[in-house]
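Reading through the structure tokens given below for one structure.
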Amino acid sequence: MGVLNVTPDSFSDGGLYVDAGRAVEYAHQMIEEGADLIDVGGESTRPGAEPVSAEEELRRILPSVKRLVKKLAVPISVDTYKADVAAVVLAEGVDLINDVSGLSFDPRLASVVAEAGAGLVLTHIQGTPRIMQTDPKYTDVVAEVREHLQERVLVAETRGVHPEAIVVDPGIGFGKRVEHNLILLNRLAELHVLGKPLLVGPSRKSFIGTVLDLPVEERLEGSAAAVAAAIWQGVHIVRVHDVRAMVRVARMTDAIRKASES
Ligand code: HH2
């Protein structure tokens with residue numbers, strides 16, 4: 001999953017693809033580099049970020065989304081937790097909604113996704129982006145994330161989202177300390193019991209900066225290590241900024257992993 005942020009303020013690529021022409025060009029580049037899915041985001045969910053209105057989010061993403069659904073051969077997801085935004089982009093032909101709140105910020109989102117027969121990514125978050133890094137606490141982070149996702153899956157299915165259209169994500173960086181992120185990445189395989197495809201998004205995040213003491217523009221290798229750990233444990237989708245490099249890391253790790261199974 002290649003990240004296409006059409007935001008002015010995302011933590012690593014804010015402001016780069018605000019223009020719809022540039023966004024489409026960059027999406028094509030990511031597909032050429034091997035992306036199987038493009039994730040369009042119009043609101044930054046970095047720690048401390050303030051929410052934007054549905055109108056503002058749509059103003060940012062709609063010109064790009066309209067062009068992308070016409071031009072791209074791969075599925076498109078939109079990174080939003082708002083039912084009003086989801087309804088508009090699903091009507092335009094978007095394939096899935098990537099909800100970083102796991103249906104906890106907008107109670108209407110599940111039925112909008114269900115009615116459209118679309119896919120849904122359910123992500124674990126503790127708190128909200130504005131305050132999530134203030135003081136995240138867990139007794140057993142893996143068990144708590146797993147139980148929370150199990151409950152969110154039940155909510156989605158009860159509201160009519162197709163069971164085979166649900167993807168789950170432990171939410172790296174969403175209300176987690178460095179050690180929580182590392183433990184989750186170490187034990188991703190324990191989330192397979194949920195019976196859903198797994199997605200993980202470690203790309204360029206601050207836990208990498210902390211471990212390696214590196215700024216956001218120097219986190220390629222750290223992201224690669226996290227992607228390799230994820231693929232090694234059978235994660236199905238990795239959400240990344242550096243598509244060319246991460247496709248190579250994923251394919252190589254997968255080849256090693258599969259060799260041990262045969
Ligand atoms: N991380 C970010 C945004 N959306 N979606 C899922 N499912 N999983 C993630 O880990 C995830 C996500 C944050 O990264 P980015 O989009 O690069 O930054 P920002 O939130 O500042 O736009």
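Miscellaneous remarks
- Qualifying residues in the stretch 195-238 (those that are open to solvent by 20 Å² or more (accessible area, probe 1.4 Å) and touching a Leu at 6+ places or on another chain (Cβ under 6 Å)) - the one nearest to the ligand (Cβ to nearest atom): 237
- Scan of the stretch 129-143 for residues that are over 13 Å from residue 169 (Cα atoms), free of Cβ contacts under 8 Å to residues at least 60 places away in the same chain and surrounded by fewer than 20 Cβ atoms within 10 Å (Cβ to Cβ), ordered by number: 131, 134, 135, 136, 137, 138, 139, 140, 143
- Every test in (1) in a helix (DSSP H, G or I); (2) away from the ligand (no atom under 12 Å from the Cβ) is passed by residue 74 save one, and that test is (1).
- Options 20, 73: the member that is surrounded by fewer than 19 Cβ atoms within 10 Å (Cβ to Cβ), in contact with a Pro (Cβ under 7 Å, 6 or more places away or on another chain) and modelled with pLDDT under 95: 20
- Condition met for residue 129 (over 24 Å from residue 66 (Cα atoms), modelled with pLDDT under 95 and more than 15 Å from the ligand (Cβ to nearest atom)): no
- Scanning the stretch 24-57 for residues that are in a helix (DSSP H, G or I) and more than 16 Å from the ligand (Cβ to nearest atom) yields 24, 25, 28, 29, 31, 32, 54, 55.
- Candidate set: the stretch 183-194, residues that are more than 15 Å from the ligand (Cβ to nearest atom) and of a type in the set (A, V, I, L, M, F, W, C); chosen: the one surrounded by the most Cβ atoms within 10 Å (Cβ to Cβ): 183
The values are calculated or read from the model by the stated rules, or taken from the named source; none is laboratory data. Owing to the predicted nature of the structure, the values given are computational and were not obtained by experimental measurement. When we count neighbours, we look across all protein chains shown, and the Cβ atoms used for this are built from the backbone with ideal geometry, even at glycine. Keep in mind that these areas ignore ligands, DNA and RNA; they rest on the heavy atoms of the full protein, side chains included. Shrake-Rupley method; radii C 1.70, N 1.55, O 1.52, S 1.80 Å.
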